[in-house]
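Here is the structure we will look at.
Derivation of every value follows stated rules applied to the coordinates shown; laboratory data play no part. Treat the numbers as computed from the prediction; the structure is a model and nothing was measured. Cβ placement follows ideal geometry from the backbone for every residue including glycine, while neighbour counts extend to all protein chains displayed.
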C-alpha cells in the first residue's frame, strides 16, 4: 500500500513539473529590447521598422513597428543580435546586442532625417520635415521616377504633377514657361540646391533645363515668400543635384538617339573619398527638329562637392551650367507667311552655391553664399536683343530645436543686376513649428522684406497638419492639412523711367486638403482645394505719346486683379507588387477680375480665364517592373485654355486679325522601357507622342510629332 501511495505521489509530482515547465522555462530565458523612436525635436516617430537578426545562431529575423507614441518592444531568446532601425524618411541606425536570460535593454533613438528621401520635404519650411508633418501640399519626383519615364527634360516631366501647366513655343528649344495653381509664369520661385535661379522679378525659361545630374525635385504649393521672398507667389520648385554616396567610385554613361536626327550623351562620376564626397558630370543634346530652322543644341555641366569636418560641421559646393542654341521658326501652324527664317535664341544659365552647416551649442546654423546668371540673346531679321541678369547674395539661418518644436531665425542679403539697373535687397524672417500633441503640428512665420525698389513689406504664413487617424488594414491613416500665406513679387528690372511708381505684385493663397491611405497602403488618395487671389498685377498700356517709358512706347501700371480657385487631386494604387498606377486631376477656375488691356488683346478682357491655364487637366502614369524589364506608360490630358495669336485687336465685336483666343484640348501618350542586358548595362527606349497627335501648346507653334529615342545606360561601381 505504501508502495502504491508513493507511485501515485511521484506520478503527480512529475505531471505537475511537466505541466508548469512550458510556462516557467520561457519566462526565465526571455530577454527584451524596448525603446522609443523620436526625431531631432523629440517628437515620436510612427511606423519605424525595428528588425532583429541573430548573428551567432541561425534563425529567422524578428520585426516590430513603433506605435503612435514612438515606442517598440521585442521579446527574444538569449543570444547575440544585430538590431536595425529603418524608416523611409530617416537615416538607418544599427547596433549589436548580446542578451542573457532575463536581460531588459532600453534603446532610445533620435533619428536623423534623410533629405534626399521621397518622404522628406526640404523646401516647405526652414527645417526639413517629414511629408506627414508638412502643412503645405508638396509633390516630390525622385531619380527613380525620372528614369522610369525616360525623360531628359524638366518640362514634360512636370505634366505628371497636379496643378502644373506650361506653355512651349513649338517643339524642343522653344521658349517654355511654367504655371502653378493658376499663378502667372513668374509666380514660382526656382531654386537649384538652394540657389535662386529666377531673373529678378522675372520668369524662368525652362526650354533648356535638362534632368541630367538631378536626383530629386520638390514642388511646394502656396505662397512661400516668408522663406524665399520675392517671386514665391504661388509656390517653389527646388532642384537637388546628385551627391556621391558610395565608398567605391560610380561611373554612369548614357548614349541614345532617334528621330529628328536626335543625339543625347551624358556621363557622371560620383563617390566618397574619406571625409569628402563628389559628383560631377556633363551632358550634350543635339536635334534637328521637324522643320526648317528647328534645331536645338544644349550642353549641361554640373558638380556637387561636400566636405565633412565633423558630424556637426560640413561644407558643400554646387555648380550647374547650361548653354543652348535653338532655332525659332515662328508660328508656322498659321501658315508659311508666319515662318521667320534665321531666328534663334541663345541661352546661358549658371547657378553656384557654397553652403556651410555647423553647430554651436544647441543652435544649428546654415550659411549659403550664392550667385546665378541668366543670359539670353534673341537673334532675328530685325537685329539682336540681348538680356543679362545676375543675382548674388547670402542667406544665414539659425535654428534652435526644443522638445516637439523649433524656431528658425534668418537674414537675407542680395544684389541684383540687369542692364543699367541694380537693386540691393535684404530681409529678416522668423519661423516657429511646434507639435502640440503627437497628432498635431503647427507652423507660423513672418518676413520683413526690404527691397531696393518698393521698400519694406511684411508677409506672414501659417499652417497646420493633423493626423486624424493612425491605422492599417483596409482603412488606413488619415491626415488633414491647411495653410495660408501672402506672397510678394518685385517688378522686373526695367529702365528707371518705366516703373517709377510701381508697387510689388501680391498674392493671397489658401490651401486645405487631406491624405488617405487605404487597402494596407496599396491605395493612397490626396485632394487639396486652393483659393488664390492676385492683386496689383503689373500691366502695360500703349500710349500715343509714348508714356513714361518711351523705349516700350507706353507705361506700366499696378492695375490688374485676378483669382484662381480649384482642386488638385492624386490617387496612387499598387494592385500588384510589380504594378504602380498614379492618376492626377486638376480643376483650375481662373478669372481676370480687373484689367486695362481689353483693347490691346481680346484674350485679356475682364472675365476671361488667365492665359495658358486650362480649366481641366489630368495625367495617368502606369509603371510595371519585372526582373527582365521596366515598362512605363504616361498619358496627359490638357483642356482648352485661353491664348492669343497676338495679331488682332478687337473693335466692338469685330477683329482686325484672326482673333484666335484659345488652344484646343489634347491627349498625348508617351512610353518608355528599360531592359537589363548585362551587369551594369541596360537598353533604354522612349516613344514620345505615341499616337502622333497633332496639337499646340501655344497658338501657331506645332508640337513635335511622334518620335523615339533608343540607347544604352551603363553603370560601373554600383552594387
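Annotation: extensible slack from residue 578 through residue 53 equals 186.3 nm (criterion: 0.36 nm per residue apart, minus Cα-Cα distance).
Exposure proxy for 669, 363: other Cβ atoms within 10 Å of each Cβ, ordered fewest to most, give 363, 669. Taking every alpha-carbon pair under 8 Å whose residues sit at least 6 apart, the chain reaches a relative contact order of 10 percent. Placing dummy labels 7 Å off each Cα toward the beta-carbon, the span from residue 247 to residue 437 is 4.7 nm.
Each Cα pair under 8 Å and six or more residues apart adds its separation to the average, and for the range 342-455 the resulting relative contact order is 18 percent.
Just so you know, the Cα atoms of the range 27-110 work out to an Rg and Dmax of 12.7, 38 Å. What FRET efficiency comes out for residue 615 versus residue 144 if R0 is 41 angstrom and r is the Cβ-Cβ distance? Round to the nearest 0.05. Computed FRET efficiency for residue 615 and residue 144 comes out at 0.80. Highest-first packing order for the peptide set 403-409, 221-227, 201-207 is 221-227, 201-207, 403-409, based on the mean count of other beta carbon atoms within 10 Å. Pick the calculated volume of the Cα convex hull per residue in Å³ for this structure from (1) 250; (2) 191; (3) 180? Checked against the structure: label (3). Take 120-127, 349-356 and order them by the average number of nearby Cβ atoms within 10 Å per residue, most first; the result is 120-127, 349-356. Average 1/r across all pairs of distinct alpha carbons in the range 120-228, invert it, and you get the Kirkwood radius: 14.7 Å. Sorting the segments 298-304, 567-573, 624-630 by their residues' average number of neighbouring beta-carbon atoms within 10 angstrom, most packed first, yields 298-304, 567-573, 624-630.
Site pair residue 69 and residue 415 shows an inter-label distance of 5.8 nm when each label is modelled 7 Å from Cα along Cα→Cβ. A simple spin-label model places pseudo-atoms 7 Å from Cα toward Cβ; at residue 624 and residue 521 they are separated by 2.5 nm. Taking 0.36 nm per residue of separation and subtracting the Cα-Cα distance, full extension of the segment from residue 567 to residue 691 would add 41.7 nm. Extension gain for the segment residue 116 to residue 60, taken as residue separation times 0.36 nm less the Cα-Cα distance, is 17.0 nm to one decimal.
Helix 2-29 and the longest principal axis of the Cα set of the chain meet at an angle near 20°. For the range 88-123, the residues whose amide N sits under 17 Å from a probe point set 7 Å from the Cα of residue 30 along the beta carbon direction are 99-106.
Dividing the helix sum by the residues of the chain, where each DSSP H run of 4 or more adds -39500 (n - 2.57), gives a mean residue ellipticity at 222 nm of -2000 deg cm²/dmol.
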